[in-house]
Amino acid sequence: MSRIGVFICHCGENISATVDCEKVAKTLASMPGVAHSVDYKYMCSDPGQSLIRSAIKEKKLTGVVVAACSPRMHEPTFRKACAEARLNPFLCEMANLREHCSWVHAKGDATTDKAIDLVSMLVEKVKRNKPLFPIKVPVTKTALVIGGGIAGIQAALDIANAGQKVVLVEREPSIGGHMSQLSETFPTLDCSQCILTPRMVEVAQNPNITLYTYAEVESLSGFIGNFTARIRKKAKSVDEKLCTGCGECATACPIKKIPSEFNTGLGMRGAIYVPFPQAVPNKPVIDRSRCTYFKSGKCKFCASKCPAQAIRFDQQDEIIEIPIGSVVVTTGFNIKETSFFPEYGYGKYKDVVTGLQFERLLSASGPTLGEVKRPSDGTVPKKIVFVACTGSRDPAKGIEYCSKICCMYTAKHAMLYKHKVHDGDAYVFYMDIRAAGKGYDEFFRRAIEEDHVNYIRGRISRIYERNGKLIVRGADTLLGAQQVEIEADMVVLATAAVANDGAESLAQKLHVSYDAHHFFAEAHPKLRPVETNTAGIFLAGACQSPKDIPETVSQASAAASKVIGLFSNAELTREPIIAVVNRTAPPLFSTCVGCFMCQSACPYHAIEQEEIKTREGKLIKMVAKVNPGLCQGCGTCVAFCRSKSIDLQGYSNEQVYAEVMELLS
Amino acid sequence: MENNFEPKIVAFVCNWCTYAGADLTGTSRIKYATNVRIIRFPCTGRIDYNLLLKAFAQGADGVIVSGCHPNDCHYTSGNFHARRRWIVFKQMMEYMGIDMRRVKFSWVSAAEGAKWADIVNTTVNEIRELGPSQEYLEMSRQGVA
Amino acid sequence: MKIGLYPGCSLEGSSREYAESLRAIAPHLGLELEEIEGWNCCGASSAHQLDHTLSLALPARILAQAEKQKFPELLVPCAACYNRLASTKKDLANDASTRDKVTDLINMPYTGVTSVQNILEVLNLVLTPDVQKKIPAAFPHKVVCYYGCLLVRPASVVHAEKMEDPMQMDDLMKRIGATPLDWGMKTECCGASLSITRTDIVGKLCGNILEDATMRGAEAIIVACPMCHSNLDMRRKEIERVTGKKFSIPIVYITQAIGMALGLDAKSLGLHRHFVEVSVHGKNKVQQNVSSPSMAAVS
């Protein structure tokens, strides 16, 4: 006989405002098998939890239904409370009265009736719950960090410095990411390279870090503590062990006119190249799509000049498999492509550049060696217009979100420009200034007050060329939307930050969720910001949403601490939500008929064939058997099984049919 | 036209996408019809379509099945299996004479709170138009199902 | 291709040349135009400022007429009419209660099956490479394409690919051998209906447009909207009074430009109806006398 306890939470007023919690508790009290039914203001609070604990003991409950918020929020909390009262935690279920009921419906009988239905459905389920015991699995103490920007570098170093192994994978020839392209950083104006390159070198020298550049993750299989990563090491066409990084090959390469990715197309590189002088590793790769030898079979200039004989034209892509315990995704962001802003003439007029291009023009290591020069004719621009929110916060363009970094870097750009061109004029068109951060507001005020940057609140409608000048037409909304027209020499667009190329396909490889804009989704926006919904996979940096360097670094360290925490366990416990094939007494042994449909349906290859034999070793029958270490509990096999011999613990046929029957009774 | 009929609708959803999407509907405070009751499954791959028949046999007026978008399955391919089974199941249901407008199959991701509300509302409206489900009960009375 | 035609008031009055040139080029492009019967005013520029229901009912009746006469597609050359019809179609598609109210009011069934097409969409379909072959580089002029507002906005109604930098007209011009120039005014405001009430504003706004076009060396401004045309062409004196400058650049309907490229005579294209002399012309001055049933409708 079941003795179920029902606990209805008011969630302050979040539930009780539209659901009559008292009525729900009273109705449930009279349901068969319910031994105890109460409502309380905050079930998740300590007094709320002790209500549950004492009821379990006093009323000898055999199961618990907590009707509160989403189980995705508090199921672990209440299961833990049950365990403390010595009730198997898997005998506790949650009814979602908040997200699925009180928050989405108006106050009324229909809402209360729905709440009663939801709770009684779970009561019927929990009557059929069985005690389950967590599964113990070993942990591979190696972390995979995907993406070698500042987020990946920080995470890798933190994990490595805690004594754990790290594999850092970067798809470009060098680590460093976007931060290596920046000139100076707000709000302190310290040189980006000066603070970043020592970290890059540290990564290369740390014995706990294995660095794979020019490499990409092909696939990830397995589960927390026990992943297997397949990594494609793209052919660099250079033997890294022999190469000394002398640079003779790059000088010898007859192709010089390939737009450099590092210099955002403002500088050129050869077909064999090191992306930038401080690259780590400082060894070249051959861009096979551009190399004369790979296109026509002739040239080999680089090989003839290489003193170390390190050029390898016949090198192949290599795929390696590495056992991994945990993953940190730090793949960063990109900026919106050019065709997105035809009205601003980007792509049409050379002197309309993106913020990232302007960083290169300001950078001492950039194509102009830090002098601000127009890309079209190399003259120093005397009037620059900066356009914030280019694409961001613009629902008509499909990007509703704020790119977060633009307000600050635009202030920095205008400031640095004024520092370099004293008689120049700088205008900034903005929607709002979002300068929340330590020293941020002071920084942007300085641009206005000390460097006399002209801030105009309004948007730009169009930019076009007239007599060699860029005509910027906009409105000044603080002057009653008065039209403003500025004849500029150069325009810098603070283009929207978007998810990096390939983010979606990587998310699919890793089985983590992503949002409508292809940014990776955190498990909880407030309380689990660096975790994904897939256990053992963590996020840091701009791959989750646009963010600046300080925030990225703190998130990277947070993700690293999660990994280190995970690795501090000798073994992990996994939820026992797995499939099992039934076993019965001889002569049947199992109702499984051995069709093995389940085997072909299982995405994890977790189903094996087991031989049932007599004592003499004679085969009686073949039946399916689930490997509990591999099964992830999706239940696809259960729906496939024709003889209903396989079932999913926690979501058994008995349980789910009981739910349907109760709902419609 | 007066229509007091309130359909009973059961939603079979996966934990990772649609259940989370419906949670988002809640956190976004988007309102929808009260007629739907959500049953949580780990994956659409787990949803045995006999459950849908059971629901109709028990008097459900409509059913929603929803999970992760193709390629987004938490378990790699459960939603593909569900979709494949659905094609066969749909033909069988049609053959049996069940109005397929009573069954909604959709993909709702964890980021699509508004879409979930929309699906519930359109399903409720459509089924309100169709009226109470009689087909299956009629069939079981005749001993067909 | 046979298509329903809704001319609207402008094409019967102030922009007769738009209708004339459209009907003149149609047979050359394999386009069979059939004017829908019993059409009414679309309500543009006044109805939607006074009465929301009326502003939907008027276009809805037109659409219902087209539906009744079984036109799957309706060509609406006037940009203002097009905008009203397209907006109405969208509003009625999205809101069943409004749809019921409007169908009650017009007392006609309306299902929304007829698709509403503007002149650029239709020309894009019919000015095929085959037609192009017949008229290689036949309109050898530097032009600027002026889209105005109604063909590209609002984004939710008009599905212009690039609202801020439309290119459909530029593309059509290239196909007849013209050189469309890059300029800054393609979607700026011409003053539209202020043409009657505040000619000074129209003078200023149109002055900006003419000035930029002239400065870039354009020989003509190509338009596809009767409002744009009348403001830029008919209000030339006012423009010159406000700006204190003289402009001689002609304003040419896209249909007229195509007509000239096809070698049609000036009269059939209604070029003589303009206030500003049309100083551009097609390369092939062969007088093709094409008579077609649709031509007869234009007197």
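General observations
- Filtered by the rule that a residue be surrounded by fewer than 23 Cβ atoms within 10 Å (Cβ to Cβ), of a type in the set (A, V, I, L, M) and in contact (Cβ under 8 Å) with a residue 24 or more places away in the chain, the stretch A:382-402 gives a lone residue, A:399.
- Qualifying residue in the stretch A:445-462 (condition: in contact (Cβ under 8 Å) with a residue 12 or more places away in the chain, away from every other protein chain (no Cβ under 14 Å), farther than 19 Å from residue A:185 by Cα and small (Gly, Ala, Ser)): yes
- Flag for residue A:143 being assigned to a strand (DSSP E or B) and more than 30 Å from residue A:500 (Cβ to Cβ): no
- Residue match in the stretch C:82-92 (condition: of a type in the set (D, E, K, R), assigned by TED's automatic domain parsing to the domain that holds residue C:229 and in contact with a strand residue (DSSP E or B) (Cβ under 8 Å, 6 or more places away or on another chain)): no
- Qualifying residue in the stretch A:329-352 (condition: away from chain C (no Cβ under 14 Å), over 30 Å from residue A:410 (Cβ atoms), out of contact with any Leu (no Cβ under 7 Å at 6 or more places or on another chain) and assigned to a strand (DSSP E or B)): no
- Test: residue in the stretch A:72-86 that is part of a strand (DSSP E or B) and not assigned by TED's automatic domain parsing to the domain that holds residue A:533: no
- Lone unmet requirement of (1) at pLDDT 95 or above; (2) touching a Phe, Trp or Tyr at 6+ places or on another chain (Cβ under 7 Å); (3) buried (at least 19 other Cβ atoms within 10 Å of the Cβ) for residue A:209: (2)
- Test: residue in the stretch A:546-568 that is part of a strand (DSSP E or B), more than 13 Å from chain B (Cβ to nearest Cβ) and exposed (fewer than 15 other Cβ atoms within 10 Å of the Cβ): no
- Scanning the stretch C:157-176 for residues that are over 17 Å from residue C:225 (Cβ atoms) and either within 9 Å of another protein chain (Cβ to nearest Cβ) or buried (at least 18 other Cβ atoms within 10 Å of the Cβ) (or both) turns up C:162, C:164, C:165, C:175, C:176.
Conditions (1) farther than 27 Å from residue B:15 by Cβ; (2) surrounded by fewer than 15 Cβ atoms within 10 Å (Cβ to Cβ); (3) of a type in the set (Asp, Glu), marked per residue:
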site	(1), (2), (3)
B:66	no, no, no
B:77	no, no, no
B:82	no, no, no
B:94	yes, yes, yes
B:131	yes, yes, no
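- Criterion: out of contact with any Gly (no Cβ under 8 Å at 6 or more places or on another chain), more than 12 Å from chain B (Cβ to nearest Cβ) and either closer than 17 Å to residue A:332 by Cα or of a type in the set (A, V, I, L, M) (or both) - qualifying residue of A:488, A:496, A:523: A:488
- All positions within the stretch A:43-84 that are within 14 Å of chain B (Cβ to nearest Cβ) and over 33 Å from the mean Cα position of the chain (by Cα): A:65
- Restricting the stretch A:103-116 to residues that are at the interface with chain B (Cβ under 8 Å from one of its Cβ atoms) and not in a loop (DSSP other than H, G, I, E, B), the residue that is surrounded by the most Cβ atoms within 10 Å (Cβ to Cβ) is A:114.
- Checking each residue in the stretch A:529-545 for being within 12 Å of the chain's Cα centre (by Cα), within 14 Å of chain B (Cβ to nearest Cβ) and among the small types (Gly, Ala, Ser) picks out only A:545.
- Scan of the stretch A:7-25 for residues that are assigned to a loop (DSSP other than H, G, I, E, B) and under 15 Å from residue A:78 (Cα atoms), ordered by number: A:11
- In summary, strands (runs of 3 or more DSSP E) completely within the stretch A:353-457 and bearing 1 or more residues that are closer than 30 Å to residue A:515 by Cα, not acidic (Asp, Glu) and not assigned by TED's automatic domain parsing to the domain that holds residue A:275 occur at A:383-390, A:425-430.
- Of B:105, B:80, B:89, all but one fail to be under 19 Å from residue A:635 (Cα atoms), free of Cβ contacts under 8 Å to residues at least 40 places away in the same chain and among the hydrophobic types (A, V, I, L, M, F, W, C); the exception is B:80.
- Test: residue in the stretch A:148-159 that is assigned to a loop (DSSP other than H, G, I, E, B), closer than 30 Å to residue A:332 by Cα and more than 14 Å from chain B (Cβ to nearest Cβ): yes
- Taking the criterion of being among the β-branched types (Val, Ile, Thr), surrounded by 17 or more Cβ atoms within 10 Å (Cβ to Cβ) and touching a helix residue (DSSP H, G or I) at 6+ places or on another chain (Cβ under 9 Å), the residues of the stretch A:268-322 that qualify are A:272, A:274, A:280, A:286, A:311.
- Whichever residue in the stretch A:614-665 is without any contact (Cβ under 8 Å) to a residue 24 or more places away in the chain, within 20 Å of residue B:55 (Cα to Cα) and surrounded by fewer than 21 Cβ atoms within 10 Å (Cβ to Cβ) and, among such residues, is nearest to the other protein chains (Cβ to nearest Cβ): A:664
- Scope the stretch C:122-136; condition buried (at least 19 other Cβ atoms within 10 Å of the Cβ) and either outside any helix (DSSP H, G or I) or charged (D, E, K, R) (or both); matching residues: C:127, C:135
- In the stretch B:97-128, residue surrounded by the fewest Cβ atoms within 10 Å (Cβ to Cβ) [restricted to those that are within 12 Å of another protein chain (Cβ to nearest Cβ) and among the charged types (D, E, K, R)]: B:115
Okay, residues lined up against (1) touching an Asp or Glu at 6+ places or on another chain (Cβ under 8 Å); (2) surrounded by 15 or more Cβ atoms within 10 Å (Cβ to Cβ); (3) farther than 15 Å from residue A:101 by Cβ; (4) at pLDDT 95 or above:
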site: A:23; (1), (2), (3), (4): no, yes, no, yes
site: A:27; (1), (2), (3), (4): no, yes, no, yes
site: A:36; (1), (2), (3), (4): no, yes, yes, yes
site: A:52; (1), (2), (3), (4): no, yes, yes, yes
site: A:55; (1), (2), (3), (4): no, yes, yes, yes
site: A:64; (1), (2), (3), (4): yes, yes, yes, yes
site: A:67; (1), (2), (3), (4): no, yes, no, yes
site: A:78; (1), (2), (3), (4): no, yes, yes, yes
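- Test: residue in the stretch A:571-585 that is over 30 Å from residue A:134 (Cα atoms) and not aliphatic (A, V, I, L, M): no
- Matching residues in the stretch A:572-590 - criterion: being modelled with pLDDT of 90 or more and part of a strand (DSSP E or B): A:579, A:580, A:581
- Which listed residue is away from chain A (no Cβ under 14 Å) and under 18 Å from the mean Cα position of the chain (by Cα), from C:94, C:83: C:83
The values are calculated or read from the model by the stated rules, or taken from the named source; none is laboratory data. Bear in mind that the values here come from a model prediction, so they are computed numbers and not experimental data. All Cβ positions, glycine included, derive from the backbone under ideal geometry; neighbour counts span all protein chains shown.
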